[in-house]
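Presented below is the structure to which this report refers.
The values are calculated or read from the model by the stated rules, or taken from the named source; none is laboratory data. Remember, it's a predicted structure, so these values are computed and weren't measured experimentally. As a convention, Cβ positions derive from the backbone with ideal geometry for all residues, glycine included, and neighbour counts pool all protein chains shown.
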Amino acid sequence: MEMEKRVIERAKDLESYIIEKRRDFHQNPELRFEEVRTSQIVEEELKNLGYEVKRTAGTGVVALLDGGKGGKTVALRADMDALPVEEENDVPYKSKVPGKMHACGHDAHTAMLLGAAKILSEIREELKGKVKLIFQPAEEGGAGAKKVVEEGHVDDIDAIFGIHVWAHIPSGVIATRRGPFMASSDGYVIKIRGKGGHAASPHLAIDPTNPATDIYNALQKIVSRYVNPLYPVVISTPVLKGSQGYNVIPDEAEITGTLRTFDMEVRERIIKKIQDIVKGYSMAWDCEGSFELFRVSYPPTVNTPELADFAIEVAKDLGPVTEAEMTMGAEDFAFYLQKVKGAFIFLGVRNEEKGIIYPHHHPRFNVDEEVLWKGTALYALLAYRYLRDR
Ligand code: NI
């Protein structure tokens, strides 16, 4: 218990360092695969602490700390990318880059893991194994984790842990769950090609918006009529594109949306059904329909049950712990969990008194900085205890 106390006290000591780093990253946000400045700072800090540092996925950094006693290797992961969002917070550390903002809290993750890197380097002699830190780029739609995995950086690790600050949980509360945690995510685009013309003469054109509306409605029936009601699924189609003019029938109509599930077989089945719907309705109205996945698909994030239990056990030293609800949001941490055992964990950062109430990706998203030291302590404790106990 002595070492745990020491780690926690040290994380509290590092609070101002963690907040300072978080604010620096917050003011200088970088989008996916553009994390040049952020990764340089990370790389320099880690080298100074004695880590063996490598580059990954272009703008990512992987760092190894060897306790020198053999044993297992545990990985800790933070993501570093920001979002194309214009910040609306009125804070002294507001984003300096127009149209870019750390609206998901990845600035906090990077800062928390840098704090843990310091602590772990200080207790290096006490580590019964190796710690690998993964500062990855491009979590937001770029599947940076997939690249890190493909480059072999998790081939030699025994377990991995990741933390995400979470706006839907009270500040300071730590939450995770066994098994399926976050959903898979696909982005799809449906194109229906007809023949444009004057809206006053629909019989001389082939109006693609006609099957498009049938397809839109048919998609809504997949969840209610085709999927086992015990399996959570979301099909959202927020983008509909047709003509620009009230009197113009367009050549083409477009439907863009996202599919979320927790089960890859259910996902496959739904994709097949969407393809059938697109083809069938398009053909019925003399159009040509196509279906395409336009971004890298994220698999569901599924925690290893015993490591979720372990994370809960470790987190108890830091205050309240609760079982997280499943969420239809997605995470590329899923790619690590396809290869290695591990757990993804939420750290609550919602503080109504401070007005920190906005959801992730919102222009007024923020985190309660007062609890970031807990993220640092949790990272360090997970690594220390995993190596000690396993
Ligand atoms: Ni995020």
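Observations
- Checking L259, L240 one by one, the residue that is within 22 Å of M326 (Cβ to Cβ), of a type in the set (A, V, I, L, M) and touching a helix residue (DSSP H, G or I) at 6+ places or on another chain (Cβ under 9 Å) is L259 and no other.
- Among the residues examined, G99 does not qualify as touching a residue at least 12 places away in the same chain (Cβ under 8 Å), assigned to a loop (DSSP other than H, G, I, E, B), in contact with a helix residue (DSSP H, G or I) (Cβ under 8 Å, 6 or more places away or on another chain) and at positive phi.
- Number of the condition not met by L64 [criteria: (1) hydrophobic (A, V, I, L, M, F, W, C); (2) part of a strand (DSSP E or B); (3) in contact with a helix residue (DSSP H, G or I) (Cβ under 8 Å, 6 or more places away or on another chain)]: (3)
- Any chance I160 is more than 16 Å from the ligand (Cβ to nearest atom), buried (at least 24 other Cβ atoms within 10 Å of the Cβ) and β-branched (V, I, T): yes
- Scanning the range 41-55 for residues that are within 16 Å of the ligand (Cβ to nearest atom), touching a residue at least 60 places away in the same chain (Cβ under 8 Å), part of a loop (DSSP other than H, G, I, E, B) and not hydrophobic (A, V, I, L, M, F, W, C) turns up nothing.
- Check on V7, farther than 13 Å from T110 by Cβ and in the same structural domain as E140 (by TED's automatic domain parsing): yes
- Residue in the range 374-381 that is within 30 Å of T213 (Cβ to Cβ) and within 16 Å of the ligand (Cβ to nearest atom) present: no
- All positions within the range 164-210 that are surrounded by fewer than 16 Cβ atoms within 10 Å (Cβ to Cβ) and under 30 Å from I357 (Cα atoms): G179
- Of all the criteria given as (1) more than 16 Å from the ligand (Cβ to nearest atom); (2) more than 24 Å from G152 (Cα to Cα), the one not satisfied by H360 is (1).
- In the range 125-147, residue surrounded by the fewest Cβ atoms within 10 Å (Cβ to Cβ) [restricted to those that are assigned to a helix (DSSP H, G or I) and within 16 Å of the ligand (Cβ to nearest atom)]: K146
- Scanning the range 63-74 for residues that are at positive phi and either crowded, with 17+ Cβ neighbours inside 10 Å or in contact (Cβ under 8 Å) with a residue 60 or more places away in the chain (or both) turns up just one, G71.
- Near pairs, Cβ below 8 angstrom, 6+ apart or cross-chain, from the range 272-284 (assigned by TED's automatic domain parsing to the domain that holds N210) to any residue that is small (G, A, S): I277/A218; V278/G289; V278/S290; K279/G289; Y281/A218; Y281/G289; S282/G289; M283/G289
- For the range 22-62, filtered to residues that are of a type in the set (G, A, S) and buried (at least 23 other Cβ atoms within 10 Å of the Cβ), the residue that is nearest to E86 (Cα to Cα) is S39.
- Residues of the range 295-318 include at least one that is in contact with a Lys or Arg (Cβ under 7 Å, 6 or more places away or on another chain) and loosely packed, with under 14 Cβ neighbours inside 10 Å.
- Of the residues making up the range 102-124, those that are in a helix (DSSP H, G or I) and either at pLDDT below 95 or within 16 Å of the ligand (Cβ to nearest atom) (or both) are H106, D107, A108, H109, T110, A111, M112, L113.
- Residue ID - surrounded by the fewest Cβ atoms within 10 Å (Cβ to Cβ), chosen from residues in the range 332-390 that are more than 29 Å from M264 (Cα to Cα) and polar (S, T, N, Q): N351
- In the range 195-214, the residues that are among the polar types (S, T, N, Q) form Cβ pairs under 6 Å with partners that are surrounded by 14 or more Cβ atoms within 10 Å (Cβ to Cβ), at six or more places apart or across chains, as follows: T209/G242; T209/A253; N210/W285.
- Pair list, Cβ under 6 Å, 6 or more apart: the range 1-26 residue of a type in the set (K, R), other residue not in a helix (DSSP H, G or I): R23/Y93
- A search for C-beta distances below 9 Å between a residue of the range 105-126 that is among the polar types (S, T, N, Q) and any residue that is away from the ligand (no atom under 16 Å from the Cβ), counting only pairs 6+ apart in sequence or on different chains, returns T110/K21; T110/I41; T110/V42; S121/L46; S121/L49; S121/G50; S121/Y51; S121/L65.
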